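The values are calculated or read from the model by the stated rules, or taken from the named source; none is laboratory data. All of these numbers come straight from a predicted model, not from anything done at the bench. Heads up, the Cβs are rebuilt from the backbone with ideal geometry, glycines too, and the neighbour counts pull from every protein chain shown. Accessible surface areas use protein heavy atoms only, side chains included; no ligands, DNA or RNA. Shrake-Rupley method; radii C 1.70, N 1.55, O 1.52, S 1.80 Å.
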Amino acid sequence: MTAMAQVAAFGAIVLYGVMTPDPGLAVVVRRSAVSGRGPGMAAAAGIAVASFALVVAAADVGALLATSFTVVQVAGAAYLFYLGIRSLWAAWRGSEALRPGVPEPDGRRGSWAAFTEGLLATALNPMAALFYVALVPQFLGGGVDAPALGLVALAGTVAWFLLVANLVGLLHRVFAVPIVRRVVDGLAGVVLISFGLLLAFTRL
């Protein structure tokens, strides 16, 4: 297999993986719906950066990652619980807190907060780490190194989630309606907590 074929095959598998529903998707959809296209795109960028880091780590320190999966699993589940509870709290508050342009109940808004959410939702997801630990070594060699694969993962991830952010962002005016926004927050909270429970009780 040529280097170009290796990279193309890796990119196709990564794209398929990132299109599978996961906590990152929930973060991007909620941020795009509640805060607008810009924060949604920032969350997408955070996921892409985390994916790049996981690819490079999977190639260089796979053994180290394997010893820390339990810690990452606990931290990841806790973070998803936090995001889910915060989202449910926003849904519960409703009313004035949910008008367009008003910060979320805990005061968090903006692209940096969204970027951080996307970054941590992926970086603290041991399932994503396991995916790359199992995948990356199979595509190394023949002129292809970890940074190159990381860039492919970054490009594929950011392309997919930017598409999601922009599609959801087009409906931002609809989601800005208080009752609709409360429903979005409530559903996002349930999904994030469900992912947290799934992560917490999955044996790695």
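A quick yes/no check of all residues on (1) modelled with pLDDT of 85 or more; (2) under 14 Å from the mean Cα position of the chain (by Cα); (3) under 19 Å from LEU199 (Cβ atoms):
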| residue | (1), (2), (3) |
| --- | --- |
| GLU96 | no, no, no |
| GLY110 | no, no, no |
| GLY118 | yes, yes, yes |
| THR122 | yes, yes, yes |
| LEU130 | no, no, yes |
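Scan region 33-54 for residues that are open to solvent by less than 10 Å² (accessible area, probe 1.4 Å) and at pLDDT 90 or above and the total you get is 8. In the set ALA90, ALA58, ALA77, ALA146, only one residue is buried (at least 22 other Cβ atoms within 10 Å of the Cβ), at pLDDT 85 or above and either of a type in the set (Gly, Ala, Ser) or farther than 28 Å from GLY36 by Cα (or both); that residue is ALA77. Among the residues of region 2-49, the one identified as over 15 Å from the mean Cα position of the chain (by Cα) and among the basic types (Lys, Arg) is ARG37. Hey, among the residues in region 126-143 that are over 25 Å from THR70 (Cβ atoms) and small (Gly, Ala, Ser), which one's least open to solvent (accessible area, probe 1.4 Å)? Applying the filter and picking the extreme gives GLY141.
Note on region 168-193: residues that are in a helix (DSSP H, G or I), open to solvent by 50 Å² or more (accessible area, probe 1.4 Å) and touching a helix residue (DSSP H, G or I) at 6+ places or on another chain (Cβ under 8 Å) total 7.
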